[in-house]
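Comments concern the structure below.
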Amino acid sequence: MNLLVKSASKLVILILAAFVITTGTTSCKSKKKLAREQAEKEYAMKVEQARNDLTAMLEGTTKWSLDEQSRRLNKIKSYNIDDPEIMDMITRLEAKISMEKAEAERLAEEERLKREEEERRMKEATKYEKIDNELFAISSSTTIDAANKKITLSLDQFESPDVPVLIIISQSGGFNDYDRPTTISKFLNYLKDKQQYKYKVVSVKRNESGKITELELIKK
């Protein structure tokens with residue numbers, strides 16, 4: 001009787017052990033399967049999102065800047081998606097971004113040169129503004145004494161009272177037609193008497209000391 005009980009107990013233990021082993025093995029296989037399925041699901045989601053983003057960037061329907069598009073493209077490339085369609089879209093987008101960056105750089109350089117040219121023109125337009133203002137001040141003096149004082153001050157910036165003054169009266173085909181030559185002294189006194197300044201300084205020559213040796217104006 002005791003022998004029978006002992007045999008039955010061993011059999012129960014063996015059955016339980018087998019059950020535990022079988023259950024553990026099944027559980028382990030289930031976890032691996034779930035993990036694989038989860039990984040496949042995440043991969044599929046990445047592929048789909050990558051396809052959507054690549055399509056939007058290729059079609060230009062996003063509001064992303066070129067830098068943002070480049071970052072998103074690099075992120076997609078890091079996924080190492082082994083899909084011919086995705087790989088082709090990546091190649092095409094790389095070319096598109098490269099072209100757009102080159103165009104953006106060209107436009108930026110063009111705008112920079114445009115600003116520089118505008119600044120140069122503005123600087124050139126006001127280059128002799130001080131001299132123009134001085135000559136206008138002489139012509140608009142209210143008294144002879146006031147005009148003479150301004151003439152004396154103005155002459156101080158010239159090499160001599162006999163510095164030539166050239167006045168352009170017309171321009172054609174790249175050539176200038178000049179009025180009869182005069183000197184700065186005569187011209188300043190002419191402005192005083194005429195009480196009009198209808199000219200604009202176009203060029204000034206100076207000596208090593210900075211004194212004006214020639215003045216060229218154009219009649220407006």
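All of the numbers you see were taken from the coordinates with simple rules; none came from a lab. Nothing here was measured: the structure is a model prediction, and the numbers come from that model. Positions of Cβ are backbone-derived with ideal geometry, glycine not excepted, and every protein chain shown enters the neighbour counts.
What to note about this one:
- Spatially proximal lysines relative to LYS31 (Cα-Cα < 28 Å; intrachain offsets below 8 disregarded): LYS41, LYS46
- Residues in segment 50-76 that a label on MET99 would reach, taking backbone N under 15 Å of a point 7 Å out along Cα→Cβ: 57-61
- Considered as an equivalent ellipsoid built on the Cα gyration tensor, segment 94-220 has semi-axes of 43, 16, 14 Å, the largest given first.
- The mean sequence separation of alpha-carbon pairs under 8 Å and at least six residues apart, normalised by the residue count of segment 41-125, gives a relative contact order of 34 percent.
- Taking 17 Å as the straight-line reach from the Cα of LYS205, the lysines in range (excluding those fewer than 8 positions away in the same chain) are LYS127, LYS130.
- C-alpha long axis of helix 2-59 to longest principal axis of the chain, angle in °: 20
- Only DSSP H runs of four or more residues enter the estimate; each adds -39500 (n - 2.57), and after division by the residues of the chain the mean residue ellipticity at 222 nm equals -23500 deg cm²/dmol.
- DSSP bridge pairs, the chain: antiparallel proportion in percent, nearest 5: 70
- Beta bridges assigned by DSSP with both partners in segment 129-219 are antiparallel in approximately 70 percent of cases.
- Divided by 2.2 N^0.38 Å, where N counts the residues, the Cα radius of gyration of segment 58-158 comes to 2.41.
- Alpha carbon centroid spacing (whole Å) that separates segment 167-203 from segment 119-138: 15
- Normalised contact order of the chain, rounded percent, pairs of Cα under 8 Å and 6 or more residues apart: 14
- Prolate/oblate/rounded call for the chain, Cα gyration tensor, a/c under 1.5 rounded: prolate
- With a threshold of 31 Å on the Cα-Cα distance, the over-threshold entries among LYS33/LYS63; LYS114/LYS186; LYS150/LYS220 are LYS33/LYS63; LYS114/LYS186.
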